[in-house]
């Protein structure tokens with residue numbers, strides 16, 4: 001396994017701003033309570049290596065206290081997410097659910113408006129909270145699009161020109177409903193500014209970050225969001241994360 005250059009970061013610097021609060025997932029794990037974490041979303045989550053990497057980091061720190069389930073499905077959107085929540089997620093009795101669907105909600109041919117996407121997201125949150133009032137729902141924004149995907153015009157069925165509006169909706173829902181937000185879109189935008197011309201190397205098809213991108217951009221961003229500035233996720237063997 002390769003050391004991917006962030007081992008020091010993950011060994012002791014899994015923090016965000018001092019004002020941040022650790023997720024309940026981390027608080028409960030630190031208290032020695034077993035936790036089930038469910039990932040739910042699109043191919044960015046089902047096939048994204050960041051979920052495997054995050055699971056490895058958490059299990060390296062907390063061992064068998066952590067159980068993770070990837071319930072995402074490639075090509076799906078929030079309409080599917082809402083329709084399948086009761087069968088795919090709720091029976092797993094999750095303590096924490098991480099949700100992202102904006103990348104596919106923004107596809108022009110899906111005809112899912114920002115307002116409809118918001119309604120679907122809120123309905124998912126409500127259903128999860130009804131099933132378990134103590135559930136923690138964490139909302140994700142993801143990467144921008146690039147390359148040929150970013151150049152598509154509105155007459156293309158896979159046009160995603162309004163993707164930033166869907167990400168802003170997710171931010172707004174998190175703020176208005178007291179949900180934790182991990183704003184990976186902001187992380188990506190900062191990374192792009194610091195690495196001009198490299199986005200295509202990390203997101204070769206313009207949509208799906210590769211394994212290196214997951215290790216070097218997404219995983220640190222998610223860990224920061226979960227850690228909240230007060231909890232350090234000390235990982236002795238983080239260089240072995242795939």
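The table below gives the values:
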{"quantity": "Within the range 79-108, considering residues that are over 14 Å from the mean Cα position of the chain (by Cα) and not in a helix (DSSP H, G or I), the one farthest from residue 209 (Cα to Cα)", "calculated": "93"}
{"quantity": "Flag if residue 89 is in contact with a helix residue (DSSP H, G or I) (Cβ under 8 Å, 6 or more places away or on another chain), within 22 Å of residue 34 (Cα to Cα) and surrounded by 14 or more Cβ atoms within 10 Å (Cβ to Cβ)", "calculated": "yes"}
{"quantity": "Conditions (1) within 18 Å of residue 150 (Cβ to Cβ); (2) modelled with pLDDT under 95; number of the one not met by residue 197", "calculated": "(2)"}
{"quantity": "Some residue of the range 113-134 being in a loop (DSSP other than H, G, I, E, B), surrounded by 15 or more Cβ atoms within 10 Å (Cβ to Cβ) and more than 15 Å from the chain's Cα centre (by Cα)", "calculated": "no"}
{"quantity": "Per-region count, the range 31-52, residues touching a strand residue (DSSP E or B) at 6+ places or on another chain (Cβ under 9 Å), surrounded by fewer than 22 Cβ atoms within 10 Å (Cβ to Cβ) and under 27 Å from residue 112 (Cβ atoms)", "calculated": "1"}
{"quantity": "Subset of the range 53-76 (residues that are surrounded by 17 or more Cβ atoms within 10 Å (Cβ to Cβ), in contact with a strand residue (DSSP E or B) (Cβ under 9 Å, 6 or more places away or on another chain) and either assigned to a helix (DSSP H, G or I) or on the phi > 0 side of the Ramachandran plot (or both))", "calculated": "54, 55, 58, 62"}
{"quantity": "Hits in the range 180-201 - residues which are touching a residue at least 12 places away in the same chain (Cβ under 8 Å) and more than 17 Å from the chain's Cα centre (by Cα)", "calculated": "192, 199, 200"}
{"quantity": "Any hit, the range 157-179, residues being surrounded by fewer than 21 Cβ atoms within 10 Å (Cβ to Cβ), at pLDDT 95 or above, under 16 Å from the mean Cα position of the chain (by Cα) and not in a helix (DSSP H, G or I)", "calculated": "yes"}
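The values are calculated or read from the model by the stated rules, or taken from the named source; none is laboratory data. This structure is a prediction, so every number in the text was calculated from the model and none was measured. As a convention, Cβ positions derive from the backbone with ideal geometry for all residues, glycine included, and neighbour counts pool all protein chains shown.
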